[in-house]
2 protein chains.
Amino acid sequence: MNRKSFAIVCAVAASLVHMPQAASQQVTEDFRSLSSNQYGEQYPMVNSQRIVRGRILAPAAHEVFLQINGINYPMTKDADGYWMGQSDPLDEGNHYYGLVIDGANVPDPASLFLYGSGAERTQLEIPAQDEYKYALRDVPHGQIREIYFHSNTTGAQRHIFVYTPPQYDDDVNVRYPVLYLQHGYTENETGWSRQGRCGFIMDNLLADGKCLPFIIVMENGEISHPAQGPQANFGSLMSAANELFPKILTQDVIPYIDSHFRTIPDKAHRALAGLSMGGMQTRHISLNYPGYFSQIGIFSGGTISVQDINSNPEFKKENTLTFISYGSREVENPRGQSPKETVQAIREQGINAYYYESPQTAHEWQTWRRSLYEFAPLLFR
Amino acid sequence: MNRKSFAIVCAVAASLVHMPQAASQQVTEDFRSLSSNQYGEQYPMVNSQRIVRGRILAPAAHEVFLQINGINYPMTKDADGYWMGQSDPLDEGNHYYGLVIDGANVPDPASLFLYGSGAERTQLEIPAQDEYKYALRDVPHGQIREIYFHSNTTGAQRHIFVYTPPQYDDDVNVRYPVLYLQHGYTENETGWSRQGRCGFIMDNLLADGKCLPFIIVMENGEISHPAQGPQANFGSLMSAANELFPKILTQDVIPYIDSHFRTIPDKAHRALAGLSMGGMQTRHISLNYPGYFSQIGIFSGGTISVQDINSNPEFKKENTLTFISYGSREVENPRGQSPKETVQAIREQGINAYYYESPQTAHEWQTWRRSLYEFAPLLFR
């Protein structure tokens, strides 16, 4: 599916007006402002049932919708020209979101922005039972470093983010392992530190003594063949991913990181993980580019099968950690072997494999925050 | 003016519909997409006269405006439901921008976001004759580091950005001077690295051998008295700025930076600068908190007068650089002594003072980018 058809599918889905279940259920009036609101904004609000209530001043508009995860929830206008509307109960965690005002799809000016689904757009951060995992706590914090550097492969500058652990600058003689961590389709290098909260997750795990310190590198893995331009479709992206992305990663990014950070520059101390498309890239690179990564994580992006390891003796011999995860809603009706069973099967073949399932979440960031939280403590042991 | 009245003034200004001069002049049809557009978006576009043409799909809307710097430019609808409109010629540089759709003020989904005028909002990056100063070039790049740390003064986490020069990690025995660089009213700690492009400005100056390497620290100086909450007005902000901000800066931020970065931790190697409100803070702190900063920059935020230095002997004795700047449109009709004359007067009193005027710009980021570009080469000589 290319970007344009993806957008059309979204628009068609969005045109289905949804009568919220909330109308037919008792709504608990304990609404409070979201942490993803702009400074000083009261709306959007959320209640303990995770129903979102939005508001926009549009005195001359005729039809306005709240649009959340591709569903249009109707809004109604009051005497002062404010439109109000509310959603069905949402999953915990981060969701993309906007408004439709007389046919125009626009961001809600009351919310903060993230890059996702191919654009910077507004978001809703729904409170979660386990938000302590990714909350900003009063603990020592690492740094998220924004870096540009020249890529010989592309002939252009690349834009990456690097997490360094809190103690990184305390002792300049200590060297660290590195996790290369990839986003999904229609996302970019900002995803893991913003939606993914990887800095806070690591700071919290380290403060609680649950994981070892390591560096995290976040690259843009959405690389199209130059001839295809920005409108490349998913197939061509994956094809480019199978050729260009491993080349950029192994010949440009890893050497840059190893020469600019105090890494332990060997396979034993280098891991690769990703979500969705980033998980597919992780799988592809770990099976086809031996010599770089000894430990891998695939979040909502496939599995490693017995057939995979039997046709890749080097993987079978040298991989020291394989972590597979999904949101529970993604694997409710598996076709054939479930990922959990696949992981069990490669464990029986001697792979140090783990399976994690995020409760009550789908193909969304809450699944991937939790996946990182479970994966990080297993790394570099 | 508090935030609410500021917003109302903007809304009133915005309600004045403006018939673009462009209608009565020859428009050159050499429009091209802006660098501030979202990935793959053709519109908004700009031509060589710096006229912006915007577009939005809003098939059921009745009245749509382009809103740029508080002026509403009418848009007209085509048969496919797209609205098009164009502005008057704009100044070079960065401008905040949005749409008004049937009375709703919303961001343009086709543009990227920045924090300014009290919210994350969309922007237009108008090409400039001198954009080489702040362009991303193929030169060694420093890092912009995002950091959270505990403030004893506020009892909460603070969020800062730190620029380290390209060579910072090459030799861990070298120590660097530090510039503390402040944003303006209704802006925050992200302004200087995003709108201000301070990282690229420094990388370019360093690559061209025009300045010495130093660290830049960017804090949020918009600190209200806790009792007043987020709706604090400008007066209370400045009052807090005069008490709380110097305390946070000198007792929390400087010690954090000096203990986590390889600084030269003395007054001779510490500078303070800011734009607008940040310039007023710089002036206040440099005159009333001796012992911290030997070099200062005030961009569009006032001057240091002969009376100031005569009533502050320590400033007169120990200040080694005073840099004052304005956009040319800000000082067209000075009341009384012009800032240029004021700077000349303190120079005659022995202050190492410089005045810079940004051509054809107002109270806007292009003035401040150019100011930093002129100021940085003078620092730490």
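The values are calculated or read from the model by the stated rules, or taken from the named source; none is laboratory data. None of the values given here were measured: they were computed from a predicted structure. All Cβ positions, glycine included, derive from the backbone under ideal geometry; neighbour counts span all protein chains shown. Only protein heavy atoms, including side chains, enter the accessible area calculation; ligands, DNA and RNA are left aside. Shrake-Rupley method; radii C 1.70, N 1.55, O 1.52, S 1.80 Å.
Buried area at the B:A interface is about 3800 square angstrom, summed over both chains, from accessible surfaces computed with a 1.4 angstrom probe.
Compute the helix-to-body angle for A:3-15: its Cα long axis versus the longest principal axis of chain A, expressed 0 to 90° and rounded to tens. It works out to around 30 degrees.
Taking the Cβ of A:G291 as the centre, find all other residues whose Cβ is under 15 Å away and add up their charges (Lys, Arg: +1; Asp, Glu: -1).
Numbers: positive: A:K247, A:K267, A:R270, A:K316, A:K317; negative: A:D258, A:D266, A:E314, A:E318.
Within the 15 Å Cβ shell, the charges total +1.
Assuming charge only on the beta carbon of Lys and Arg (+1) and of Asp and Glu (-1), the dipole of segment A:133-378 about its Cα centre is about 200 debye to the nearest 20.
By a 1.4 Å probe calculation restricted to protein chains, B:V46 has an accessible surface near 0 Å², given to the nearest 10.
Taking N as the number of residues in segment B:255-374, what is its Cα Rg relative to 2.2 N^0.38 Å?
That ratio works out to 1.07.
Could you please report the charge total around A:N312, scoring K, R as +1 and D, E as -1 over all other residues with beta-carbon less than 13 angstrom from its beta-carbon? Computed value for this residue: 0. Accessible surface for the protein assembly as shown, divided over its residues, is 40 Å² per residue with a 1.4 Å probe. When +1 charges are put on Lys and Arg Cβ atoms and -1 charges on Asp and Glu Cβ atoms, the dipole computed for segment B:7-127 relative to its Cα centre reaches about 80 debye. With 0.36 nm allotted per residue and the present C-alpha distance subtracted, the A:M84-A:I264 stretch has 59.4 nm of extension available. Nearest 10 degrees, 0 to 90: what angle lies between the long axis of helix B:277-288 and the longest principal axis of chain B (Cα atoms)? Tilt of helix B:277-288: around 10 degrees.
GNM remark for chain A: springs join alpha carbons under 10 Å apart, and the peak mean-square fluctuation among A:R370, A:R137, A:R335 falls on A:R335. Ranking B:V139, A:V174 from most to least accessible surface, computed with a 1.4 Å probe over the protein chains only, gives A:V174, B:V139. Counted by Cβ distance under 11 Å from B:S193, the other residues give a net charge of 0, where Lys and Arg count +1 and Asp and Glu count -1.
Å³ per residue of the Cα convex hull, for chain B?
Values: hull volume 59.0 nm³, N = 381.
About 155 Å³ per residue, rounded to a whole number.
Beyond 18 Å in Cα-Cα separation lie the following of the pairs A:K267/A:K340; B:K317/B:K340; B:K247/B:K267; B:K267/B:K316; B:K267/B:K317: A:K267/A:K340; B:K317/B:K340. Ranked by the mean number of other Cβ atoms within 10 Å of their residues, highest first, the peptides B:279-290, B:142-153 fall in the order B:279-290, B:142-153. Springs between alpha-carbon pairs under 10 angstrom, Gaussian network model over chain A: which of A:A362, A:A135, A:A271 fluctuates most? Of A:A362, A:A135, A:A271, the Gaussian network model singles out A:A135 as fluctuating most. Relative to the longest principal axis of the Cα atoms of chain A, the long axis of helix A:198-207 makes an angle of roughly 70 degrees. Calculated mean residue ellipticity, 222 nm, the protein assembly as shown: -6500 deg cm²/dmol, from DSSP H runs (n ≥ 4) at -39500 (n - 2.57) each, averaged per residue and rounded to 500. Comparing Cα centroids, segment B:160-187 and segment A:72-128 end up 37 angstrom apart.
In the assembled protein chains, B:H183 presents an accessible area of approximately 0 Å² (probe radius 1.4 Å).
Based on the Stokes-Einstein relation at 4 °C and a viscosity of 1.567 mPa s, and on the Kirkwood radius from alpha carbon pairs, segment B:7-127 is assigned a translational diffusion coefficient of 90 µm²/s.
Indicate the gyration tensor shape class of the protein assembly as shown (rounded, prolate or oblate), computed on the Cα atoms with a ≥ b ≥ c the square roots of the eigenvalues: a/c under 1.5 is rounded; otherwise a/b larger than b/c is prolate and the rest oblate. Oblate. For segment B:84-207, the Stokes-Einstein estimate of translational diffusion at 4 °C and a viscosity of 1.567 mPa s comes to 75 µm²/s, using the Kirkwood hydrodynamic radius over alpha-carbon pairs. Here the spin labels are modelled as points 7 Å beyond Cα on the Cα-Cβ line, and at A:Y132 and A:R175 they lie 3.7 nm apart. For A:K133, give me every one of the lysines with a C-alpha distance below 20 angstrom, ignoring sequence neighbours fewer than eight places off in its own chain. Counting by Cα, and skipping residues close in sequence, A:K133 has these lysines nearby: A:K210. Within the listed set B:P359, B:P255, B:P334, the Gaussian network model of chain B (springs between alpha-carbon atoms below 10 Å) gives the highest mean-square fluctuation for B:P334.
Taking the Kirkwood radius as Rh and the Cα radius of gyration as Rg, segment A:310-357 has a ratio of Rg/Rh equal to 1.02.
Using a simple charge model, +1 on the beta-carbon of Lys and Arg, -1 on the beta-carbon of Asp and Glu, nothing else, what dipole does the protein assembly as shown show about its Cα centre, in debye to the nearest 20? Spell out each step's value before the answer.
On the way: 60 positive and 80 negative charges, 149 e Å.
Once rounded to the nearest 20, the dipole reads 720 debye.
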